[in-house]
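A.B. asks: So that we are looking at the same thing, I have put the structure below in C-alpha cells.
All of the numbers you see were taken from the coordinates with simple rules; none came from a lab. Remember, it's a predicted structure, so these values are computed and weren't measured experimentally. All Cβ positions, glycine included, derive from the backbone under ideal geometry; neighbour counts span all protein chains shown.
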Amino acid sequence: MGVVPTKRALEIAHEAELDLVEVAPGANPPVCRVMDYGKFLYERTKKEREARKAQTKIEIKEIRLRPKTNEHHRGFKTRDARRWLEDGMKVKVTIRFRGREITYPEIALEDLREIAEELQDVAVVEQKPNLEGRNMSMMLAPAKGVGKK
C-alpha cells in the first residue's frame, strides 16, 4: 500500500477485521502488515516444531575402561564402539584411574592410542586424549564414509 499514516493503517486493519502488525521496527519508516496475528503465531510455532523434528540429535555413547583392563575385555568394548560408530553415534572413551594408577598416565595414553588405531577405519579422533582429574578421555566421531544405516 506504500507509506500510510498510522491512523489510516489502523483504520484499514479495523475495516478488514485484522491486526496491524509491525514487521520491521528498525526500518525508516517502520514496516507494518495487516494480518491475523493469532494465525501468524500459530503458523510460526508450527514451523518451529517441524524444524525441531527435522533436527538430528547427536548421541554420545561412552565406554569406560581402567589401565589394568585386559585385551579380551577391551575387545568387547571396542566392538560395541565400532557398532555405535557405524550407527552414526559419537563415542567417548574414558579410562578411570584408581589409587596410584594416576602416576602412570602413559599406560592409559597407550590404551587410547590402540583403541583409536583399531577403530580408524570407522572413526576419526575428534578430541585427543586429555587428563581431567582421575579420568583420561578421548572423543571419537564417525568417519565421513561411515554413517547411519
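A.B. asks: How do Asp121, Asp36 line up, fewest other C-beta atoms within 10 Å first?
C.D. replies: Ranking Asp121, Asp36 by Cβ neighbours within 10 Å, fewest first, gives Asp121, Asp36.
A.B. asks: If you don't mind, another one. Give the order of Met139, Met35 when sorted by the count of other beta carbons within 10 angstrom, beginning with the fewest.
C.D. replies: Numbers: Met139 19, Met35 15.
Ranked by crowding around the Cβ, least crowded first: Met35, Met139.
A.B. asks: Quick check for the stretch 1-143: number of Lys pairs with alpha-carbon distance under 17 Å, counting only pairs 8 or more apart or on different chains?
C.D. replies: 12
A.B. asks: I'd like the Karplus ³J(HN,Hα) series for the stretch 2-8: coefficients 6.51, -1.76, 1.60, θ = phi - 60°, whole numbers in Hz, and an x wherever there's a Gly or Pro.
C.D. replies: Once θ is set to phi - 60°, the couplings for the stretch 2-8 become x, 7, 10, x, 4, 4, 5 Hz.
A.B. asks: Rounded to whole Å, give me the distance from the Cα center of the stretch 62-84 to that of the stretch 91-114.
C.D. replies: The two parts, judged by their Cα centres, are 12 Å apart.
A.B. asks: Can you tell me how much longer the chain between Ile12 and Ile60 gets when fully stretched, taken as 0.36 nm per residue apart minus their C-alpha distance, in nm with one decimal? Please report the intermediate quantities before stating the final value.
C.D. replies: Working: separation 48, 0.36 × 48 = 17.28 nm, distance 5.49 nm.
Gain in length upon complete extension: 11.8 nm.
A.B. asks: Continuing with this model, one more query. May I ask you to derive the FRET efficiency for Val4 and Arg49 from their Cβ-Cβ distance with R0 = 35 Å, giving the value to the nearest 0.05?
C.D. replies: The value I calculate is 0.50.
A.B. asks: Step through the residues of the stretch 11-23 one at a time and calculate ³J(HN,Hα) from phi using the Karplus curve (6.51 cos²θ - 1.76 cosθ + 1.60, θ = phi - 60°), rounding each to whole Hz and writing x for Gly and Pro.
C.D. replies: Along the stretch 11-23, the couplings run 5, 4, 5, 5, 5, 7, 6, 10, 9, 9, 10, 7, 8 Hz.
A.B. asks: With labels modelled as points extended 7 Å from the Cα through the Cβ direction, what inter-label distance (nm, one decimal) is found for Tyr104 paired with His73?
C.D. replies: With each label point 7 Å from Cα toward Cβ, the separation is 1.5 nm.
A.B. asks: Could you give the nm distance between label points at Tyr42 and Arg113, where each point is 7 Å from its Cα heading toward the beta carbon?
C.D. replies: 6.4
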